[in-house]
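Notes follow the structure.
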Amino acid sequence: MSTNSPSSTTAITMLLYLIRATGAIFPIYVGYLTKLGSSLFSYHPFFMTVAFTGLMTEAVFMFSEASLAAGRRHSTKITAHWFVLLLVAVAHSLGFASIYINKELNNKPHFTSWHGSVGLVTSVLLWAQLSVGVFAKYPRILSRVMQARTVKANHGLFGMVVFSAGMITIALGLWSTWFQNNASQVVIYSALVLHISLMFIVCKKFIKKYA
Ligand code: HEM
């Protein structure tokens, strides 16, 4: 049973709406900053922020009272959750391919910066989570080795790790030479606060639920 008062529930819902709005605005701003379409590189920050700041935030909050599927049946929320994650997979693939091919074309070495290395780890974790996510939907497949409740808890906790890794990678991306040279300090620090806050809100939510 929830212990939140009606006014604190409204405040939390408003906060979630604000987070979702910012999650939509930031990728649009990054697209404007990169002059989307002007170079192969321009697709990388755009699609990665679409994937993590925008879509993954939507997917993670799909079961909250401020989500796209608020008020719908639980099964509808699950369908919306995995559908948005499919879009995450597409956006991430485009973001990853654009930076990788761009480096190949320019004869530059791969994964040399902290952002690039942590980004690679995040990408592997993301695809691992997307691949095993099917077990959270059909936990009976693992019934011989794990209870359904444990499968779902593991899915939630691993999802929290992937989401946090995404937020950290973006924070490191904000300190890439390109971002530092193109964005103002106000934008850089606001974006840092946004992504670190998102990470803490999601961690708190999942730790409270499963730990
Ligand atoms: C605001 C968002 C982002 C910006 C501004 C950004 C910017 C950059 C820049 C300038 C590079 C080339 C220099 C370098 O290697 O560090 C790069 C590389 C890279 N980024 Fe990002 N990035 C962002 C988000 C992400 C995210 C969310 C991921 C992964 C989940 C990611 C994964 C990578 C990887 C793996 C590389 C290295 C690719 C290679 O060496 O072949 N980036 N990014």
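The values are calculated or read from the model by the stated rules, or taken from the named source; none is laboratory data. The structure displayed is predicted, hence computed values, not measured ones. Because the Cβ atoms are built from the backbone with ideal geometry, glycine has one as well, and the counts that use them run over all protein chains shown.
Residue count for region 104-141 under the criterion of being polar (S, T, N, Q) and near the ligand (Cβ under 8 Å from one of its atoms): the result is 5. What is the number of the single condition among (1) more than 10 Å from the ligand (Cβ to nearest atom); (2) in contact with a Leu (Cβ under 7 Å, 6 or more places away or on another chain) that VAL90 does not meet? Of everything listed in (1) more than 10 Å from the ligand (Cβ to nearest atom); (2) in contact with a Leu (Cβ under 7 Å, 6 or more places away or on another chain), VAL90 misses just condition (2).
In this structure, is MET160 in contact with a Cys (Cβ under 8 Å, 6 or more places away or on another chain), modelled with pLDDT of 95 or more and at negative phi?
Details: in contact with a Cys (Cβ under 8 Å, 6 or more places away or on another chain): yes; modelled with pLDDT of 95 or more: yes; at negative phi: yes.
Yes.
Of all residues in region 149-184, those satisfying the criterion of being in contact with a His (Cβ under 7 Å, 6 or more places away or on another chain) and assigned to a helix (DSSP H, G or I) are MET167, THR169, ILE170, ALA171, LEU172, GLY173. Selection of region 123-175 for residues being surrounded by fewer than 14 Cβ atoms within 10 Å (Cβ to Cβ) and among the polar types (S, T, N, Q) yields SER131, SER143, GLN147, THR150. Tell me whether region 189-207 contains one or more residues that are among the aromatic types (Phe, Trp, Tyr), surrounded by fewer than 17 Cβ atoms within 10 Å (Cβ to Cβ) and without any contact (Cβ under 8 Å) to a residue 24 or more places away in the chain. Among the residues of region 189-207, at least one is among the aromatic types (Phe, Trp, Tyr), surrounded by fewer than 17 Cβ atoms within 10 Å (Cβ to Cβ) and without any contact (Cβ under 8 Å) to a residue 24 or more places away in the chain, which makes the answer yes.
May I ask you to list pairs of residues, at least six apart or on different chains, whose Cβ atoms are under 6 Å apart, with the first in region 50-65 being among the hydroxyl-bearing types (Ser, Thr, Tyr) and the second being away from the ligand (no atom under 15 Å from the Cβ)? Note: pairs meeting the criteria are SER64/LEU16. Here MET146 meets the list (1) farther than 18 Å from MET199 by Cβ; (2) free of Cβ contacts under 8 Å to residues at least 40 places away in the same chain; (3) in a helix (DSSP H, G or I) almost entirely, failing just condition (3).
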